[in-house]
Amino acid sequence: MAERGSRFDPLGILATLDRHRVTYIVIGSLARVIQGAEEVTNGVDMVPSTRAENLRRLGEALSDLGAETSDGKEPVLDEAAASTLELRTDRGELKVVPEPAGTGGYDDLRRAATREPLGSGVRPTVASVGDLARMLAALGRENDEDRLRSLRRLAELELSRGLEL
């Protein structure tokens with residue numbers, strides 16, 4: 001049997017969230033890949049709506065995914081409103097980020113987010129290129145400079161396509 005969380009299945013994670021009707025926005029590396037960046041990722045980062053009913057549904061989805069913290073405990077979602085939860089699931093890593101750097105959280109990001117078809121009926125809401133760049137810039141990490149340049153090029157391409165229409 002494979003080691004827990006060793007097989008990365010982003011569609012499986014997202015489909016489980018969707019099946020439980022969790023309201024969320026994909027951010028981080030996977031969102032950048034979906035938006036066209038040339039990166040490799042091994043996890044899903046997401047920003048949930050922190051409304052009580054949504055957190056309840058998220059808890060059910062996490063249970064279905066067999067999610068646990070690095071010390072093997074079940075995640076506590078009451079804490080999710082204050083801090084990031086880094087989880088291992090049966091389908092790979094999942095990071096729940098209530099308020100990413102440089103943002104006001106879910107309500108801030110949903111304005112520019114779009115639904116993106118990934119196949120197998122999975123169509124998550126994904127942060128915009130501009131918001132992804134804003135989050136990366138707010139982290140201020142030197143090793144993110146190439147990623148930030150790539151996002152800015154993608155943003156320029158989006159703008160130029162809009163002018164041609």
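The values are calculated or read from the model by the stated rules, or taken from the named source; none is laboratory data. Computed from a predicted model, the values in this text were never measured in an experiment. Counting neighbours? That spans all protein chains shown, and the Cβs are built from the backbone with ideal geometry, glycine included.
So, in the range 109-137, how many residues would count as being free of Cβ contacts under 8 Å to residues at least 40 places away in the same chain, closer than 19 Å to LEU151 by Cβ, surrounded by fewer than 17 Cβ atoms within 10 Å (Cβ to Cβ) and of a type outside the set (Gly, Ala, Ser)?
Total meeting the criteria: 2.
Condition first: touching a helix residue (DSSP H, G or I) at 6+ places or on another chain (Cβ under 6 Å) and either buried (at least 18 other Cβ atoms within 10 Å of the Cβ) or of a type in the set (S, T, N, Q) (or both). Now tell me which residues in the range 38-57 satisfy that.
THR41, VAL44, ASP45, VAL47, PRO48, SER49, THR50, LEU55
A quick yes/no check of all residues on (1) touching a residue at least 60 places away in the same chain (Cβ under 8 Å); (2) surrounded by 22 or more Cβ atoms within 10 Å (Cβ to Cβ); (3) of a type in the set (Gly, Ala, Ser); (4) under 12 Å from GLU93 (Cα atoms):
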position	(1), (2), (3), (4)
ALA15	yes, no, yes, no
ASP18	yes, no, no, no
ARG32	yes, yes, no, no
GLY36	yes, no, yes, no
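Which residue pairs have Cβ atoms closer than 8 Å, lie 6 or more positions apart in sequence or on different chains, and pair a first residue in the range 59-70 that is in contact (Cβ under 8 Å) with a residue 40 or more places away in the chain and outside any helix (DSSP H, G or I) with a second residue that is exposed (fewer than 14 other Cβ atoms within 10 Å of the Cβ) and of a type in the set (S, T, N, Q)?
none
Tell me the residue from LEU62, LEU58, LEU85, LEU17 that is of a type outside the set (Phe, Trp, Tyr), under 15 Å from the mean Cα position of the chain (by Cα) and closer than 30 Å to ASP146 by Cα, please.
LEU85
Which members of the range 20-30 meet the condition of being among the β-branched types (Val, Ile, Thr) and either touching a residue at least 40 places away in the same chain (Cβ under 8 Å) or touching a strand residue (DSSP E or B) at 6+ places or on another chain (Cβ under 6 Å) (or both)?
Matches in the range 20-30: THR23, ILE25, VAL26, ILE27.
For the range 88-107, state whether one or more residues are assigned to a helix (DSSP H, G or I) and of a type in the set (A, V, I, L, M).
no
I'd like the residue in the range 107-147 that is under 18 Å from VAL40 (Cα atoms) and among the β-branched types (Val, Ile, Thr) and, out of all such residues, is modelled with the highest pLDDT.
My answer is VAL126.
Out of the residues in the range 58-67 meeting the condition of being within 20 Å of GLY105 (Cβ to Cβ) and out of contact with any strand residue (DSSP E or B) (no Cβ under 8 Å at 6 or more places or on another chain), tell me which one is surrounded by the fewest Cβ atoms within 10 Å (Cβ to Cβ).
Taking the candidates together, the pick is GLY59.
Can you tell me which residue is nearest to GLY12 (Cα to Cα) among those in the range 68-99 that are surrounded by 17 or more Cβ atoms within 10 Å (Cβ to Cβ) and of a type in the set (A, V, I, L, M)?
By that ranking, first place goes to LEU94.
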